[in-house]
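Presented below is the structure to which this report refers.
We did not get these values from a lab; they are worked out from the coordinates using the rules stated. The model shown is predicted, which means the values in this text are computed figures rather than measured ones. Quick reminder, even Gly has a Cβ in these numbers, built from the backbone with ideal geometry, and neighbours come from all protein chains shown.
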Amino acid sequence: MEVIRTVKAMQAHADARRREGRRLALVPTMGALHAGHLTLVRTARAHADHVTVSIFVNPTQFGPNEDYARYPRRLEQDVAALEALGVDVVFAPTVEEMYPDGPAANLTWVYVEKLDAHLCGRYRPGHFRGVTTVVAKLFNICRPHVAVFGLKDAQQFQIIRRMVRDLHYDIELIGVPTVREPDGLALSSRNTYLSPEERKQAVVLSQAVEAARQAIEAGEQRPEAIVEAMRQILARAPLARVQYAEVVDAETLQPVTRIRPGQRVLAGVAVFFGDTRLIDNVFVEAPGA
Ligand code: AMP
């Protein structure tokens, strides 16, 4: 396994593998890898014969009061875990490599309009612009045929899908279902911030979206009833501060007034425990007409 730190070296490596006829997969991450990330890597393996995992804590997707500075960084451990999985390349650039003039002086952005108006986008202005910009850069640097993302970040996945379509990236996108702890909590690098009591109470996120799934599959069509059911479950956690509980159309990511038969929707929640922000969500197809 090679660890590549520069854009030029990564592009040269990817081009050489492409010339050999290899099928390249990319798994973009911010590191502090957990079993969810490793499932993405195994999925990438199954769809390609060369796997690059990028590890880059991208400053432009963090808001001024978010956790960029304290985000966990454990490159050595991550590299060892990826080596054991048979990954071909770890691309771990510095901020200077990715933003030569510094992130604050970046002028070129990739921004997918409208799809960030609700869910996380509403509360994290500029977040998805940072995500799509860095993913576009990573696509241009790692030159994958296939890119693998987690559906845990459902809004991110839909926005990246739209970017790939609109910018004609010749890249197959694969979304991997959320990997969870035995009690249902979605694995996240941010779970390490939780106190033992917060960790216990964090189970309400998965319970809330699971309740939404069950209600929709049972034929509930009123988003406000589904939101209320999610809020009631979240209220069982006294340490939780709810940022949002929402039901939107899965493609437009806009609120729905009534769920239509056969409509695909996304139910999502974001909750703070202290300064730690956790999200969870599910795609659900309403029962057919
Ligand atoms: P991150 O390092 O948090 O930016 O995540 C990198 C990739 O891993 C993203 O595509 C995430 O959606 C995905 N991911 C994070 N947590 C999980 C999880 N619990 N299950 C599946 N994918 C995940």
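Restricting attention to region 111-124, the residues that are surrounded by fewer than 18 Cβ atoms within 10 Å (Cβ to Cβ) and not basic (K, R) total 4. The residues of region 197-240 that are assigned to a loop (DSSP other than H, G, I, E, B), more than 21 Å from the chain's Cα centre (by Cα) and of a type outside the set (D, E), listed by number, are A218, G219, Q221, R222, A235, R236, A237, P238, L239.
Per-residue answers, yes or no, for (1) touching a Leu at 6+ places or on another chain (Cβ under 6 Å); (2) closer than 21 Å to A48 by Cα; (3) not charged (D, E, K, R):
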{"residue": "Y111", "(1), (2), (3)": "no, no, yes"}
{"residue": "F128", "(1), (2), (3)": "no, no, yes"}
{"residue": "V135", "(1), (2), (3)": "no, yes, yes"}
{"residue": "L151", "(1), (2), (3)": "no, yes, yes"}
{"residue": "S195", "(1), (2), (3)": "no, no, yes"}
{"residue": "V204", "(1), (2), (3)": "yes, no, yes"}
{"residue": "Q207", "(1), (2), (3)": "no, no, yes"}
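Out of the residues in region 190-217 meeting the condition of being of a type in the set (S, T, Y) and surrounded by fewer than 19 Cβ atoms within 10 Å (Cβ to Cβ), tell me which one is nearest to Q156 (Cα to Cα). Only one residue fits best here, namely T192.
Within region 49-162, considering only helices (runs of 4 or more DSSP H) that don't extend past its boundaries, which have at least 2 residues that are in contact with a strand residue (DSSP E or B) (Cβ under 9 Å, 6 or more places away or on another chain) and under 21 Å from S188 (Cβ atoms)? Can you show your working first?
Details: elements: 75-84, 95-98, 119-123, 127-142.
In region 49-162, the matching helices (runs of 4 or more DSSP H) lie at 75-84, 119-123, 127-142.
Restricting the first member to region 178-193 and to residues that are more than 19 Å from L239 (Cα to Cα) and in a loop (DSSP other than H, G, I, E, B), and the second to residues that are β-branched (V, I, T) and more than 11 Å from the ligand (Cβ to nearest atom), the beta-carbon pairs closer than 9 Å and six or more apart or on different chains are T178/V282; E181/V203. Considering region 1-47 alone, what residues qualify as being out of contact with any strand residue (DSSP E or B) (no Cβ under 8 Å at 6 or more places or on another chain) and on the phi > 0 side of the Ramachandran plot? If the condition is that a residue be out of contact with any strand residue (DSSP E or B) (no Cβ under 8 Å at 6 or more places or on another chain) and on the phi > 0 side of the Ramachandran plot, then G21, A32 are the ones that fit.
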